[in-house]
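The values are calculated or read from the model by the stated rules, or taken from the named source; none is laboratory data. Please read these numbers as outputs of a predicted model, since none were measured by experiment. Here the Cβ positions follow ideal geometry from the backbone for every residue, glycine too, while neighbour counts run over all protein chains shown.
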C-alpha cells in the first residue's frame with residue numbers, strides 16, 4: 001500500500017466501517033457503504049473501457065451521485081476532471097478539447113448543453129449522472145477491476161477559476177493530496193479523524209474535489225448540500241455539531257445575515273477559515289460574538305488554501321493569513337529575483353509538499369509557474385517579521401495611476417463598508433492625465449446606495465489618488481465564478497471603455 005488517497009480510504013473502511021462518511025441533503029452513507037458503492041461504479045467504468053490514466057469528466061451541480069462518481073473514478077485508476085456547471089457550450093467544448101476525457105457524465109439540466117458541445121465526435125461518450133445511483137446495488141466488482149495506484153499518479157484535474165481569461169487544468173497527485181490532508185489533520189486534529197466539515201465548494205473547484213478527498217482521507221464526515229441555502233447550512237452547523245467550516249466570504253455573509261444567527265450555537269466549530277476576498281471587520285465581529293474566529297486564508301487552485309492565520313494572529317491581525325504551515329513555506333520575490341525581507345512587498349511564492357504537480361498538457365505553463373521548487377503565484381503580498389503573510393492583491397489587479405500602485409482589493413474593502421453596498425469590484429479605467437484611475441462597480445440596496453456617499457467615505461478613508469473617479473451601479477448581482485468569487489472578466493469587458501460613457505464623480 002502506498003501514500004495514496006485510495007489506501008487511506010480503505011483504512012477508514014476497515015477501521016471505522018460504520019462511521020458516517022457523507023451526509024448529502026440528509027442522505028447518509030457510511031465509509032463501508034461508500035466504498036462498496038464506489039467500487040461498483042469503478043467496475044462499471046472499467047467495463048465501459050476506462051483505463052488507468054483516462055480522464056472522466058462530469059458536468060453538473062454537486063450531488064451524492066457526483067461524489068460517488070469521483071471516488072469510483074479513483075478506484076478505477078482514472079483521473080477525475082470535473083467541468084464547471086456554469087460552463088457555456090463554448091467553454092465546455094474548450095474544456096473537453098483540453099482534457100480529452102473518455103466519458104462525460106452530466107445531470108439532466110445540462111444534457112442539452114453537453115450534447116451540443118460533443119456534437120458528432122466519437123469521444124467522450126456521454127452518460128447521465130443518474131446512472132450512478134442504480135450501481136449501488138450492482139454485483140460486487142472483481143479484484144482485477146480495482147486499481148492500486150502509485151503515489152505520484154494523477155488523481156484529479158481542476159480548472160483554474162479563469163480570472164485571467166486563460167484557464168488551465170491543475171493536476172493533483174495522490175501524494176500531493178495526501179500531504180495536503182496530513183498537514184491539515186496534524187495541525188488541526190479536531191478537524192480530522194472523527195471530525196466533520198460543512199462543504200460548500202463545487203466539485204469543479206479545488207474547494208470541492210480537493211476538500212472531498214482531504215477529509216475522506218483523514219476519516220472525517222462531510223456534510224453537503226446540492227444547492228446551498230444559508231438556512232440549512234446554519235441548521236447543519238448546529239444540529240450536526242460540525243467542527244470545520246471552510247468557505248468563501250459570500251457563504252459566511254449569507255449565513256450571518258439570517259435573523260436566527262443572533263442566537264445560533266456554533267460552539268463546536270474548532271476551525272473556521274474564510275477566503276476569496278478581504279473580510280469586512282463587521283463580519284468578523286458578528287462571528288466573534290458567536291464564539292467563532294474567522295481565519296483569513298491564502299491559497300490558490302495550484303496550492304489549495306489550508307494555510308490560515310494561527311490563533312493569536314487571527315484575533316489581533318485578522319487581515320493576515322499566517323506563516324504557512326507544517327510542510328508549507330511562504331516567501332516574497334524581490335525585484336532582483338531574490339527573496340524580499342520582511343515588510344517589502346512582492347510576488348508571493350509557495351513551497352509545499354501539497355502543491356499541485358503542474359498543468360495538464362502544458363509543459364510551458366508548468367515551467368513558468370513551478371520554478372526552483374516554488375510556485376510563482378502571480379499574487380502580491382508581504383511578510384511581517386514573524387513570517388505572517390498579508391495578501392495585497394492579484395498582480396493583474398494593481399491599478400497604476402500616475403506612477404503610483406493602487407490595490408483594487410484595498411479600495412474594494414473600503415467601499416464594502418459603505419451603507420447599502422452588497423458587492424463591489426474595482427477596475428482600472430483609462431485616464432488622460434494619470435493613465436489609469438479606479439472605477440468602482442457596485443451592487444446593493446437601491447434605496448440606500450449612494451454614489452456621493454461612496455465618494456465621501458472613500459475620501460475619508462483613502463489617499464486622494466485611490467478614490468474612484470468613476471462609480472457604476474449594477475441593478476443585478478455581480479457575476480461569479482464557480483468558486484463563488486466575483487468574476488471580473490465580464491466586468492472588465494463591459495467597462496473597458498468606461499471613460500467614454502461614464503461621468504467622472506470627482
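Descriptive notes on the structure:
- Spans of strands (runs of 3 or more DSSP E) in segment 150-236 with at least 3 residues touching a strand residue (DSSP E or B) at 6+ places or on another chain (Cβ under 8 Å) and under 30 Å from residue 258 (Cβ atoms): 196-199, 221-224
- Check on residue 364, in a helix (DSSP H, G or I), out of contact with any strand residue (DSSP E or B) (no Cβ under 8 Å at 6 or more places or on another chain) and without any contact (Cβ under 8 Å) to a residue 60 or more places away in the chain: yes
- Residue tally, condition part of a helix (DSSP H, G or I) and modelled with pLDDT under 95, over segment 119-136: 0
- Members of segment 226-242 that are within 11 Å of residue 264 (Cα to Cα) and in contact with a helix residue (DSSP H, G or I) (Cβ under 7 Å, 6 or more places away or on another chain): 234
- Leading residue by the ranking (surrounded by the most Cβ atoms within 10 Å (Cβ to Cβ)) among those in segment 388-402 that are touching a residue at least 40 places away in the same chain (Cβ under 8 Å) and in a strand (DSSP E or B): 389
- Considering segment 51-61, and only residues there that are buried (at least 24 other Cβ atoms within 10 Å of the Cβ) and either in a loop (DSSP other than H, G, I, E, B) or without any contact (Cβ under 8 Å) to a residue 60 or more places away in the chain (or both), the residue that is farthest from the chain's Cα centre (by Cα) turns out to be 56.
- Residues that are modelled with pLDDT of 95 or more, within 19 Å of residue 26 (Cβ to Cβ) and buried (at least 20 other Cβ atoms within 10 Å of the Cβ) within segment 225-261 comprise 233, 237, 242, 245, 255, listed in sequence order.
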